[in-house]
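Accompanying notes for the structure given below.
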Amino acid sequence: MGLTREGYRIAVAGADDGPSGADEVYEHCGLERPVARLAELAAESPDGFAVVLDSANGIMDAPLAALGIPVLRADPPVLTDGRTTARSLAELGRSRPEALTALPPDGWTMAGREDGIAAEEAASRPVERELAEQGLLLAGGGGAAPLVALTFDDGPHPEYTPQVLDVLARYDAPAAFFCIGLHALAHPGVVRRIAAEGHTLGNHSWSHAYLPDLGPIGLREQLGFTADALARACGGTRPSRWLRPPYGGRSPELLTAVAGSGLTTALWDVDAKDWSRPGAGVLAERVLDGVGPGSVVLMHDGGGDRAQTVAALPEVITGLRRRGYRIVGLDELLAARAIRPVRPAPSC
């Protein structure tokens, strides 16, 4: 499974030959069509079938795992700057399966790399502190004023994002939506609604990539393609300076490159872990028990069934206000924290 600026590519390789036929093309669409096609191919392969992805594609593994389709992940140095093609990945699966990592059915996209990811995050802390002082990074927490920002990742989703927006409108609460570029390409009307209702649009990469794996070209494409998709949905104006790296994955080099590109990194200090779907009441309790002055709350409007997130959101909002917190946008939260002047954010 490969990705391009316009969508998805599928190439098929048998056990004894290279990729057969032309790539199958799925453009300007959601995940449903390529995932359904992969399910068909799996059903037609009685001798076994697996899908090869790379660490620049973090949106396909969960739906494939839900269908019981094995997933193999290509990591550096096998992948080429996050720009591996469907045909090259198919050939890797055929000829070099030992170079790939089999994802556990109940695991996450980066399973098996936890130690390296933790080491990169630890090495990033001095750079994080420096960028926070410059107003180029917001980690959440540790503020003085009773302000809280709500953020949603992995959308836009045609069903759940509008439901989240309905709740936010009902309670007059702002939020930030960190969008995956491929999803924004498929659902531009939802992006337009987010912007039209005054919420912050943020960049969450083109395909939920693990950004520290990428070189300059791959990083520029992941962020630039997404910025362009958001801008097109909003009438041609680049809508935001905010970036949230998928998984919170970061390295000193990545953070420096992001800041140099003019983007501000948004992390978080309160994770609702709504992907685990423990029930709306548990989700609300996690948020309300975890917040403090200056908190940034992480939730999701895409990437799976988010009905529990929608159901929990009214209690999150009313509970925060009962506790004396004011829900604000990321720009206001950053302005209250930054030591040095902050660049004004362009509007959509």
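The values are calculated or read from the model by the stated rules, or taken from the named source; none is laboratory data. Here the structure is a predicted model, which means the values were calculated and not measured. Glycine gets a Cβ as well: all are built from the backbone with ideal geometry, and neighbour counts include every protein chain shown. Remember, those area values only see protein heavy atoms, side chains included, never the ligands or the DNA or RNA. Shrake-Rupley method; radii C 1.70, N 1.55, O 1.52, S 1.80 Å.
Within region 191-207, the only residue that satisfies the criterion of being in contact with a Gly (Cβ under 7 Å, 6 or more places away or on another chain) and open to solvent by 20 Å² or more (accessible area, probe 1.4 Å) is T200. Filtering region 92-136 to residues that are in contact with a strand residue (DSSP E or B) (Cβ under 6 Å, 6 or more places away or on another chain), open to solvent by 30 Å² or more (accessible area, probe 1.4 Å) and touching a residue at least 60 places away in the same chain (Cβ under 8 Å) leaves only R94.
If you check S251 against the conditions, is it among the polar types (S, T, N, Q) and exposed (fewer than 15 other Cβ atoms within 10 Å of the Cβ)?
Values: among the polar types (S, T, N, Q): yes; exposed (fewer than 15 other Cβ atoms within 10 Å of the Cβ): no.
Taking the combined requirement at face value, the residue does not satisfy it.
The numbered conditions (1) out of contact with any Asp or Glu (no Cβ under 9 Å at 6 or more places or on another chain); (2) touching a residue at least 24 places away in the same chain (Cβ under 8 Å); (3) of a type outside the set (V, I, T) are all true for G21 except (2). For region 259-276, which positions are outside any loop (DSSP other than H, G, I, E, B) and in contact (Cβ under 8 Å) with a residue 60 or more places away in the chain? A259, T264, T265, A266, V270, listed by residue number. Scanning region 10-67 for residues that are part of a loop (DSSP other than H, G, I, E, B) and of a type in the set (S, T, Y) yields S45, S55.
Suppose we keep only residues that are within 23 Å of the chain's Cα centre (by Cα) and under 16 Å from G14 (Cα atoms) within region 72-91. Which one would you say is surrounded by the most Cβ atoms within 10 Å (Cβ to Cβ)? Step by step, filter region 72-91, then rank; the result is L89. Just the residues that are more than 17 Å from I69 (Cβ to Cβ) and either modelled with pLDDT under 95 or in contact with a Phe, Trp or Tyr (Cβ under 6 Å, 6 or more places away or on another chain) (or both), please, taken from region 16-26. Listed by number, the residues that qualify are D16, D17, G18, P19, S20, G21, A22, D23.
One residue alone among A139, A176 is open to solvent by 10 Å² or more (accessible area, probe 1.4 Å) and under 16 Å from G294 (Cβ atoms), and that residue is A139. Restricting region 277-308 to residues that are part of a loop (DSSP other than H, G, I, E, B) and among the basic types (K, R), the residue that is modelled with the highest pLDDT is R306.
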